[in-house]
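The values are calculated or read from the model by the stated rules, or taken from the named source; none is laboratory data. As the structure is a computational prediction, the values presented were derived from the model and not from experiment. Using ideal geometry, Cβ is built from the backbone for each residue, glycine included, and neighbour counts are taken over all protein chains shown.
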Amino acid sequence: MGPPMRLNPQLLIQAYCQGLFPMADEEEGQVEFYDCDLRAILDLEHFHVPRRLARTIRSQKFEIRMNSAFQQVMEGCAAPAPGRESTWISAEIIEAFTNLHRLGLAHSVECWQEDRLVGGVYGVAIRGLFAGESLFHLERDASKVALVHLVQHLRRQGYRLFDSQYLGGDFLRQFGVLEIPREAYLQRLSEALQIEAHFNHEQAAS
């Protein structure tokens with residue numbers, strides 16, 4: 001955990017490339033950088049989609065969009081929810097990540113129903129790394145569907161590492177999340193940063 005400092009895109013990129021991630025104190029809102037002895041990752045090659053969720057995806061009950069409402073997704077993730085009255089996503093973090101989004105380094109996958117945003121996931125993409133930050137839902141399964149579409153997109157685009165930071169609750173277990181030692185994570189991170197992956201199709205074509 002490092003000393004508090006003002007977030008900016010360069011600082012965030014440097015942190016992620018060193019295996020660190022930011023969080024704001026839920027009471028004071030002060031942002032600091034964190035690391036974990038055990039790091040949680042989603043295995044992009046062996047990502048597991050539960051059978052019931054696969055049926056929901058096939059039903060196409062949600063319209064999937066990418067990067068159409070990035071800040072709204074962050075605000076949805078920061079909003080109070082049952083069992084989560086406070087959040088680590090502060091106004092400073094929303095501003096900093098929105099700036100990263102404008103630079104093409106932070107992205108969202110969203111679920112919509114009748115032009116209403118009902119769920120989504122966002123994170124940071126640097127070369128072959130995607131650091132998943134948070135997700136939310138207003139309708140059942142919306143966050144899960146967004147996550148599945150995100151993983152499918154990352155695989156198509158050639159990403160190597162999906163960092164989910166730490167294992168919180170049972171949500172990620174259903175998808176086959178792995179916990180690996182910090183040293184192993186840093187090795188995978190180093191390899192991912194050697195890969196030139198692009199989140200947007202137009203980036204890959206340029």
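What is the number of the single condition among (1) modelled with pLDDT under 95; (2) within 24 Å of GLU32 (Cβ to Cβ) that GLY123 does not meet?
(1)
From the list GLU191, GLU139, pick out the single residue that is in contact with a strand residue (DSSP E or B) (Cβ under 7 Å, 6 or more places away or on another chain), at pLDDT 95 or above, at negative phi and charged (D, E, K, R).
On the way: GLU191 fails: in contact with a strand residue (DSSP E or B) (Cβ under 7 Å, 6 or more places away or on another chain).
GLU139 is the lone residue from the list that is in contact with a strand residue (DSSP E or B) (Cβ under 7 Å, 6 or more places away or on another chain), at pLDDT 95 or above, at negative phi and charged (D, E, K, R).
Can you find even one residue in the stretch 158-167 that is in contact (Cβ under 8 Å) with a residue 60 or more places away in the chain, buried (at least 18 other Cβ atoms within 10 Å of the Cβ), within 15 Å of ILE64 (Cα to Cα) and among the charged types (D, E, K, R)?
Within the stretch 158-167, not a single residue is in contact (Cβ under 8 Å) with a residue 60 or more places away in the chain, buried (at least 18 other Cβ atoms within 10 Å of the Cβ), within 15 Å of ILE64 (Cα to Cα) and among the charged types (D, E, K, R).
List every residue pair whose Cβ atoms sit under 6 Å apart, with the two residues 6 or more apart in sequence or on different chains, where the first one lies in the stretch 38-53 and is on the phi < 0 side of the Ramachandran plot and the second, anywhere, is part of a helix (DSSP H, G or I) and among the polar types (S, T, N, Q).
PRO50/GLN174
Tell me which residues, restricted to the stretch 120-144, are over 19 Å from LEU186 (Cβ atoms), touching a Leu at 6+ places or on another chain (Cβ under 7 Å) and of a type outside the set (Ser, Thr, Tyr).
Correct list: GLY120, VAL121, LEU135, ASP141, LYS144.
Kindly indicate whether any position in the stretch 178-190 is over 16 Å from ASP37 (Cβ atoms), crowded, with 16+ Cβ neighbours inside 10 Å and more than 12 Å from the chain's Cα centre (by Cα).
Going through the stretch 178-190, the residues over 16 Å from ASP37 (Cβ atoms) turn out to be 190.
This time we only want the ones that are crowded, with 16+ Cβ neighbours inside 10 Å, so: none.
For the stretch 178-190, residues over 16 Å from ASP37 (Cβ atoms), crowded, with 16+ Cβ neighbours inside 10 Å and more than 12 Å from the chain's Cα centre (by Cα): absent.
Is there a residue in the stretch 109-119 that is under 29 Å from GLN187 (Cα atoms) and either touching a residue at least 60 places away in the same chain (Cβ under 8 Å) or not basic (Lys, Arg) (or both)?
Within the stretch 109-119, one or more residues are under 29 Å from GLN187 (Cα atoms) and either touching a residue at least 60 places away in the same chain (Cβ under 8 Å) or not basic (Lys, Arg) (or both).
Restricting to the stretch 121-142, what's the tally of residues that are more than 19 Å from PHE21 (Cβ to Cβ) and either in contact with a helix residue (DSSP H, G or I) (Cβ under 8 Å, 6 or more places away or on another chain) or among the hydroxyl-bearing types (Ser, Thr, Tyr) (or both)?
Summing the residues that are more than 19 Å from PHE21 (Cβ to Cβ) and either in contact with a helix residue (DSSP H, G or I) (Cβ under 8 Å, 6 or more places away or on another chain) or among the hydroxyl-bearing types (Ser, Thr, Tyr) (or both) in the stretch 121-142 gives 3.
Going through LEU172, LEU129 one at a time, which residue ends up being surrounded by 17 or more Cβ atoms within 10 Å (Cβ to Cβ) and either touching a Phe, Trp or Tyr at 6+ places or on another chain (Cβ under 9 Å) or hydroxyl-bearing (Ser, Thr, Tyr) (or both)?
So the residue among LEU172, LEU129 that is surrounded by 17 or more Cβ atoms within 10 Å (Cβ to Cβ) and either touching a Phe, Trp or Tyr at 6+ places or on another chain (Cβ under 9 Å) or hydroxyl-bearing (Ser, Thr, Tyr) (or both) is LEU129.
Could you look through the stretch 101-122, keep only residues that are surrounded by fewer than 23 Cβ atoms within 10 Å (Cβ to Cβ) and not in a loop (DSSP other than H, G, I, E, B), and pick out the one that is nearest to the chain's Cα centre (by Cα)?
The qualifying residue nearest to the chain's Cα centre (by Cα) is HIS107.
Please tell me if GLU95 is out of contact with any Phe, Trp or Tyr (no Cβ under 8 Å at 6 or more places or on another chain), under 28 Å from ALA197 (Cα atoms), part of a helix (DSSP H, G or I) and modelled with pLDDT of 95 or more.
So GLU95 does not fit the description; no.
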